[in-house]
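Enquirer: Have a look at this one.
What follows draws every value from the coordinates through simple rules; no lab data is involved. Because the structure is a prediction, the values reported are computed rather than measured.
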Amino acid sequence: MHMLTYYRAFFAISLAFTLAFEAKADDKIVLGYVENAFLGKLGLALKAKLDTGAASSSVYARDIELYTKGETDDWVRFRLIDKDGRKIRYDQNVTRFVLIKKKAGGGFIRRPVIKLPLCVGGISATADVNLADRQDFNYELLIGREFLANRILVDSGQSFLAEKPCDVGVKKDED
């Protein structure tokens, strides 16, 4: 008789945890580890890796030039190029700097962080994005936990699961 009570209690607790997890998971969408994403006000199309192992998001920026406006404001000029070759120049204030651990040789790289609109799988928000030389990486954009948290679950065995489109801005070239 005690064993039957034990199984009933175990079943009830298991069911409660399952329902709680499903309710929490229902608030999020499931995307693959690689998705099409749109960055910036003009919706620059980039292939992105959704990386739950990275804290912050990072984009392949070219011609990065840091400068100071006024006495204390850090600013940055750079270019982004989308997967179709469309180029956009940015001139924007730096919100902070991050230290990123180097893969080989130890040490750290100091990168500027800016705020940019980001959309993936129909989920849009302003993201903190660090500017990096990602030339040797497979993806121009890496979307980290700061953006993914409380929005997106990542299925690491799948790619391009997004069903909802992103509402992107006017598409025009800027040099």
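Enquirer: Dividing the convex hull volume of the Cα atoms of the stretch 22-75 by its residue count, what figure in Å³ per residue is obtained?
Expert: Normalising the Cα hull of the stretch 22-75 by residue number yields 171 Å³.
Enquirer: Further question: Under the 0.36 nm per residue contour assumption, what length would be gained going from the current alpha-carbon distance of ASN138 and LYS102 to full extension?
Expert: Additional length available on full extension: 11.3 nm.
Enquirer: What list of ³J(HN,Hα) couplings, whole Hz, do you get for the stretch 32-49 from phi and the Karplus terms 6.51, -1.76, 1.60, once you set θ to phi - 60° and write x for glycine and proline?
Expert: x, 6, 10, 9, 7, 10, 10, 10, x, 5, 8, x, 5, 7, 9, 7, 10, 9
Enquirer: Same structure again: Provide the percentage of antiparallel DSSP beta bridges, counting only those with both residues in the stretch 29-155; round to the nearest 5.
Expert: Restricted to the stretch 29-155, the bridges split so that about 80 percent are antiparallel.
Enquirer: Something else: For the stretch 29-155, what is the Kirkwood hydrodynamic radius in Å, using each pair of distinct C-alpha atoms?
Expert: After inverting the pairwise mean of 1/r, the radius is 15.0 Å.
Enquirer: Turning to a different aspect of this structure: Longer than 25 Å from Cα to Cα, which of LYS47/LYS69; LYS41/LYS103; LYS47/LYS115; LYS69/LYS115; LYS49/LYS164 are they? Say none if no pair is.
Expert: LYS47/LYS69; LYS41/LYS103
Enquirer: Using 0.36 nm times the number of residues separating GLU163 and ARG89, minus their current alpha carbon distance, what extension gain do you get?
Expert: Computed gain between GLU163 and ARG89 is 23.7 nm.
Enquirer: When only alpha-carbon atoms count, how far does the stretch 97-159 stretch along each of its three principal axes, as whole angstroms with the largest first?
Expert: Between the extreme Cα coordinates on each principal axis of the stretch 97-159 lie 37, 28, 20 Å.
Enquirer: With θ set to phi - 60°, apply the Karplus curve 6.51 cos²θ - 1.76 cosθ + 1.60 along the stretch 137-153 and write out the HN-Hα couplings as whole Hz, x wherever there is a Gly or Pro.
Expert: 3J(HN,Hα) across the stretch 137-153, in whole Hz: 9, 6, 10, 5, 10, 10, 9, x, 4, 4, 8, 5, 3, 6, 10, 9, 9.
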